[in-house]
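Each remark here refers to the structure printed beneath this line.
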Amino acid sequence: MKKQSQKNRPARGAKNTDRAAVILSLFREFPNNKFSLKHLASASGGATKEGRRETFEILGRLHDEGIVEECAREKYRLTHKHLPHFEGIADMTASGSIYVRVEGEENDIFVNQRNTANALNGDRVEVVAIHRGRDGKFEGEITRIVERSRKPYVGVAEVGAHQIFVRADSRRMPMDIYLSKRTCPEVRDGEKVVVRIVDWQPGSKSPAGELVERLGMAGNNDTEMHAILAEYELPYRFEPEVEQAAAAIDARITAKEIASRRDFRDTTTFTVDPADAKDFDDALSVRKVSDGVWEVGVHIADVTHYVRPHSTIDDEAVERGTSVYLVDRTVPMLPERLSNELCSLRPNETSLCFSAVFTLNENLEILDEWFGRTVIHSDRRFTYAEAQEVIETGRGDFAEEILTLNRLAQELRRQRFRNGAISFDREEVKFRLDENGKPLGVYFKEQKESNQMIEEFMLLANRRVAEFCAHRRNEKGRAVPRTMVFRVHDSPSEEKLDRFRQFILRFGHVFKATKGRAVAKELNKLFAKIKGSTEENAVSTMAVRSMAKAFYTTDNIGHYGLAFPYYTHFTSPIRRYPDMMVHRLLAHYLDGGKSLPKEEIEALCERASEREVIAAEAERASIKYKMVEFMKEHLGEEFDGHISGLTEWGVYVELEETHIEGMAFLRDIEGDFFAFDEANYEIVGRSTGRRLTLGDPVRIRVKRADLQKRQLDFELLLPGMPARHRSGDPDFHGSRGGHTANGGSSGSRSKSPEVRHSSRRRGR
């Protein structure tokens with residue numbers, strides 16, 4: 001090959017520039033790699049002596065510019081400043097490590113405990129990606145706390161001679177929180193307190209907090225319920241100005257007001273509610289129009305007559321979003337004067353309502369419908385049990401009316417399922433409590449025909465109000481969309497359905513449907529098949545988890561679970577703010593108003609959806625607490641149950657009688673060493689070969705009931721297993737995120753046992 005002439009050869013500067021570009025692109029393409037001098041020289045044009053010298057010069061310049069750093073002898077990597085940077089929210093685990101949730105990124109960024117820079121759960125942080133695993137997921141290092149979370153923590157105060165440490169209930173706060181004894185001299189040892197983090201200095205073992213509220217001594221029922229509310233930042237009392245605003249409302253119903261409404265006071269009307277209900281926000285009326293034709297009125301408390309937009313009470317309702325139902329109490333959205341008095345549809349009293357009135361025949365054809373403000377006089381307050389007795393016996397107050405409504409409701413229900421609705425009829429856990437709130441027993445509330453009667457007419461009203469408000473007809477008869485609050489529920493994702501399909505296969509159930517209404521049909525068949533079986537609760541729970549979450553929005557996509565193209569919440573304005581929004585929108589459109597701007601209403605929808613989730617979590621927390629409290633009286637006792645979940649560290653067991661769930665650790669099983677076989681989803685004894693899987697009947701002994709963590713530990717008792725004597729085997733307290741009283745992990749993603757970090761000696 002002819003030698004290249006001197007004038008055609010690239011200049012040395014150009015050659016160096018090319019080599020520098022290649023080296024930079026390597027660093028940027030693989031930001032987590034450490035490159036040797038030899039590797040860089042070879043990859044950029046040749047590992048000759050001259051090539052290494054040029055590469056060394058280039059690296060020197062990059063080093064001077066702060067782009068790369070030498071991490072070992074003749075090994076280089078990008079500096080933190082030039083690594084991929086992200087900003088997100090810290091999600092702390094029980095072990096003290098963090099996952100950073102970054103908007104727009106599919107995977108969270110894992111941060112080891114040593115690289116957290118004293119960040120805490122909920123903090124907005126800056127994180128640099130220092131490593132990318134083979135699965136494409138980043139591991140990072142937190143470089144800066146952008147904004148400290150102001151979320152309060154609830155915990156038990158441990159008062160020493162010179163300081164106070166608060167041991168937080170939340171597993172997302174594994175460190176004890178320091179309080180100054182000088183500023184909090186009134187705090188007592190063993191007292192439940194609410195604190196907020198104010199600072200965490202580098203080198204300090206504990207973050208410093210400030211006292212927000214003292215709740216009372218730990219273990220007291222009121223204290224623990226208030227602690228749950230505080231944990232979720234839910235208020236348990238109204239501020240004086242809200243109570244004063246409620247007290248100032250004029251309760252009089254004037255003749256002028258009655259004259260402006262449709263009068264139902266002479267029509268048979270009654271309420272049906274739980275026995276312990278105090279706020280009656282819906283009533284049904286029924287009147288025979290002709291043979292086979294009925295007028296049914298769904299009458300809803302007219303809360304918006306008393307609560308004006310942007311008033312003190314309305315602002316408080318927006319803030320709360322919903323009423324919260326704990327085991328032993330209700331935390332209402334509206335002050336008691338409104339929820340239990342002015343707006344409550346109490347028997348033998350004249351009440352103001354917003355109503356949906358339907359004229360139906362026996363084939364459930366809607367011959368006529370009317371929406372508007374009404375006045376009613378409830379003739380009777382039924383409990384569900386009383387209404388059920390009338391349905392079953394055919395005798396009692398307003399028997400003809402109740403039987404008629406139930407017959408229509410059952411046909412509505414059948415029609416709904418024929419159209420593809422999903423039957424999620426799950427048992428509701430209830431507790432028998434003494435006067436101090438201590439649980440005496442557990443029972444399950446079953447959905448009977450009286451419940452279904454009310455449910456179906458509420459669904460009908462919600463559906464038809466949504467359809468009416470969603471569109472108006474223009475002069476050409478075309479439907480023109482209008483701003484509306486919809487309750488929407490998307491179809492399940494194929495990924496979630498596939499996981500559900502694999503899960504139920506372990507019980508021998510085949511699920512063929514993949515999308516559309518076929519999924520709903522298949523689910524209903526499955527629910528009918530597993531009714532009363534040991535796997536019913538586990539399968540139902542997984543089915544719910546495979547479904548999308550319902551929420552409020554102005555952008556309608558229909559309600560998959562109910563099989564309604566349009567759906568809203570109109571029937572519970574005493575306890576849900578979206579219902580108040582719907583009442584106002586309906587009134588506006590009935591008056592001929594134009595479609596309203598979406599932005600403000602959508603923001604209120606998002607807020608209401610968030611508050612609903614928080615309220616549900618608080619409700620579950622109170623149930624878990626009561627379950628653990630109930631089982632605390634049964635320590636050492638044995639119960640029958642079945643395996644409801646398996647992990648690499650233990651077995652979840654659900655008790656047959658109460659459906660309470662706890663964890664039995666594998667290391668505690670006497671007679672053999674058990675390991676988790678993930679492929680076959682079972683645990684296997686190393687010596688005996690014994691296998692256990694989901695649904696298997698087992699017997700357990702209640703080992704530990706931790707009220708503070710709301711956790712139950714069981715001991716698995718396997719018949720025919722030899723005793724395994726272990727000297728000095730300590731109790732194993734930790735798990736991946738802990739375990740809860742009624743199932744599932746607590747949400748922590750750490751595999752490590754729970755770790756508590758304290759700056760003081762435990763023996764004090």
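No value in this document is a laboratory result; all are computed from the given coordinates. The structure presented is a predicted model; accordingly, all values stated were derived computationally and were not measured. Glycine also receives a Cβ, built like all others from the backbone with ideal geometry; neighbour counts cover every protein chain displayed.
Would you calculate the separation in nanometres between label points at Leu707 and Lys594, each defined as 7 Å from the Cα along the Cα-to-beta-carbon direction?
It works out to 6.1 nm between the two label points.
State the label only: which of [x] 64, 33, 21; [y] 56, 39, 20; [z] 55, 35, 30 corresponds to semi-axes √(5λ) of the Cα gyration tensor in Å computed from the shown model?
Step by step, semi-axes √(5λ) of the Cα gyration tensor in Å for this structure corresponds to label [z].
Tell me which of Gly532, Ile601, Val519 sits at the most positive position along the dipole axis of segment 480-612, charges placed on C-beta atoms (Lys, Arg +1; Asp, Glu -1).
Farthest towards the positive end: Gly532.
Quick check: the angle from helix 517-530's long axis to the longest principal axis of the chain, C-alpha only, nearest 10 degrees?
80
Order by neighbour count: His569, His131, fewest other Cβ atoms within 10 Å first, most last.
His131, His569
So for the pair Asn220, Glu449, with labels modelled 7 Å out along Cα→Cβ, what separation do we get in nm?
The modelled label-to-label distance comes out at 4.9 nm.
Which of Ser311, Phe358, Ile391 sits farthest toward the positive end of the charge dipole of segment 257-394, with +1 on the Cβ of Lys and Arg and -1 on the Cβ of Asp and Glu?
Projecting each Cα onto the dipole axis, the largest value belongs to Ser311.
Based on other C-beta atoms within 10 Å, arrange Asp169, Asp555 from fewest to most.
Asp555, Asp169
When the chain is fully extended, how far beyond the present Cα-Cα distance does Ala21 get from Glu147, taking 0.36 nm per residue of separation?
Fully extending the segment from Ala21 to Glu147 adds 41.6 nm.
Given all pairs of different Cα atoms, what value in angstroms does the Kirkwood hydrodynamic radius of segment 153-218 take?
Taking the inverse mean of 1/r over all distinct Cα pairs, segment 153-218 comes out at 11.6 Å.
So what is the diffusion coefficient of segment 368-520 in µm² per second by Stokes-Einstein at 10 °C and 1.306 mPa s, using a Kirkwood Rh over Cα pairs?
My calculation gives 79 µm²/s for D.
Let me spell out the model: positive unit charges on the Cβ of Lys and Arg, negative unit charges on the Cβ of Asp and Glu, origin at the Cα centre of the chain. What dipole size does that give, in debye rounded to 20?
So the dipole magnitude of the chain works out to roughly 4180 debye.
Summing +1 for each Lys or Arg and -1 for each Asp or Glu, what net charge is found among the other residues whose Cβ lies under 13 Å from the Cβ of Ala421?
+4
For Arg188 and Ser170 in the same chain, what is the full-extension length gain: residue separation times 0.36 nm, less their Cα-Cα distance, in nm?
Value of the extension gain: 4.4 nm.
Using the crude model of +1 on Lys and Arg Cβ and -1 on Asp and Glu Cβ, and no other charge, please compute the dipole size for segment 285-385 relative to its Cα centre, in debye to 20.
Its charge dipole is roughly 300 debye.
Which far-off residues, 5 or more places away or on another chain, put their amide H under 5 Å from the one on Met175, with H placed in the peptide plane?
His757
Treating only the Cβ atoms of Lys and Arg (+1) and Asp and Glu (-1) as charged, compute the dipole magnitude of segment 480-612 about its Cα centre; round to the nearest 20 debye.
520
Along the charge dipole of segment 34-141, which of Ser36, Thr48, Val111 sits closest to the positive end, that is, farthest toward it, with unit charges on the beta carbon of Lys, Arg, Asp and Glu (+1, +1, -1, -1)?
Thr48
What angle, in degrees between 0 and 90 and rounded to the nearest 10, separates the Cα long axis of helix 12-29 from the longest principal axis of the Cα atoms of the chain?
40
For segment 241-451, I need the span (max minus min coordinate) of the C-alpha atoms along each principal axis, in Å, sorted largest to smallest.
53, 52, 35
Evaluate the relative contact order of the chain (contact order divided by residue number), counting alpha-carbon pairs under 8 angstrom at least 6 apart; express in whole percent.
Relative CO of the chain lands at 10 percent.
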